[in-house]
1. Restricting to the range 122-150, what's the tally of residues that are over 15 Å from Val72 (Cα atoms) and surrounded by 10 or more Cβ atoms within 10 Å (Cβ to Cβ)?
2. If I filter the range 79-89 down to residues being farther than 15 Å from Phe69 by Cβ and of a type outside the set (Gly, Ala, Ser), which single residue comes out as surrounded by the fewest Cβ atoms within 10 Å (Cβ to Cβ)?
3. Please work out which one of (1) modelled with pLDDT under 95; (2) open to solvent by 80 Å² or more (accessible area, probe 1.4 Å) is the condition Val153 fails and give its number.
4. Taking interchain pairs and intrachain pairs at least six residues apart, which have beta carbon atoms under 7 angstrom, with the first residue in the range 3-23 and without any contact (Cβ under 8 Å) to a residue 40 or more places away in the chain and the second among the basic types (Lys, Arg) and surrounded by 15 or more Cβ atoms within 10 Å (Cβ to Cβ)?
5. Have a look at Leu32, Leu4 and point out the one that is closer than 11 Å to Val153 by Cα and not in a helix (DSSP H, G or I).
6. I'm trying to understand the selection: among the residues of the range 34-51, which are surrounded by fewer than 17 Cβ atoms within 10 Å (Cβ to Cβ), polar (S, T, N, Q) and under 13 Å from Leu7 (Cβ atoms)?
7. If you scan the range 1-16, which residues turn out to be open to solvent by 60 Å² or more (accessible area, probe 1.4 Å), modelled with pLDDT of 95 or more and among the charged types (D, E, K, R)?
8. Kindly establish whether Phe69 is under 17 Å from the mean Cα position of the chain (by Cα), open to solvent by 30 Å² or more (accessible area, probe 1.4 Å) and aromatic (Phe, Trp, Tyr).
Amino acid sequence: MKELDRLDRKILRALQKEGRLSNIELAERVNLSPTATAERVKRLTRDGYITGYMAILSPEKLGRNLLVFVQVKLDRTTPDVFDAFAAAVKRSDDVMECHMVAGGFDYLVKARMAGMEAYRQFLSEVILPLPGVRETHTYAVMEEVKGTALLPV
């Protein structure tokens, strides 16, 4: 895999901020020909630096106003319990992210839903019935101070 150069980084920064840029607009921003720009984008995608494109939707407009983080502690940390937990959170449309973590609990779940009633249903129907769940701690977000998917390039 080729090392990223200054132009590759400019392309990645531009596409992170505006994934809908046309190749011509992108070429103008990075001061390259459209052909050279397209080749670089193709290579960056092939090499796994660019993994996809998506629209960022408004949770408020879609009635998903409540953002919660849930710490989940398991009473057994066995492969079958990990697999069952992972499968359940992957099936839930409410779960935006789920991370196995080191420390005082086993998983950190980020979920978004309509409100507290929907959260209680999610907790009782998705999280608590899983084998091995010993306890949960929920943190409802009062204000999102910073939310970004941009990586420093």
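The values are calculated or read from the model by the stated rules, or taken from the named source; none is laboratory data. As the structure is a computational prediction, the values presented were derived from the model and not from experiment. Every residue, glycine as well, gets a Cβ built from its backbone with ideal geometry; the counts of neighbours run over all protein chains shown. All accessible areas refer to the heavy atoms of the entire protein, side chains included, with ligands and DNA or RNA removed. Shrake-Rupley method; radii C 1.70, N 1.55, O 1.52, S 1.80 Å.
1. 1
2. Top of the filtered list is Pro79.
3. It is condition (2) that Val153 fails.
4. Leu7/Arg40; Ile11/Arg40; Ala14/Arg29
5. Result of the check over Leu32, Leu4: Leu4.
6. Once the filter is applied, which keeps residues that are surrounded by fewer than 17 Cβ atoms within 10 Å (Cβ to Cβ), polar (S, T, N, Q) and under 13 Å from Leu7 (Cβ atoms), the range 34-51 yields nothing.
7. Selection gives Arg6, Arg9, Arg13.
8. yes
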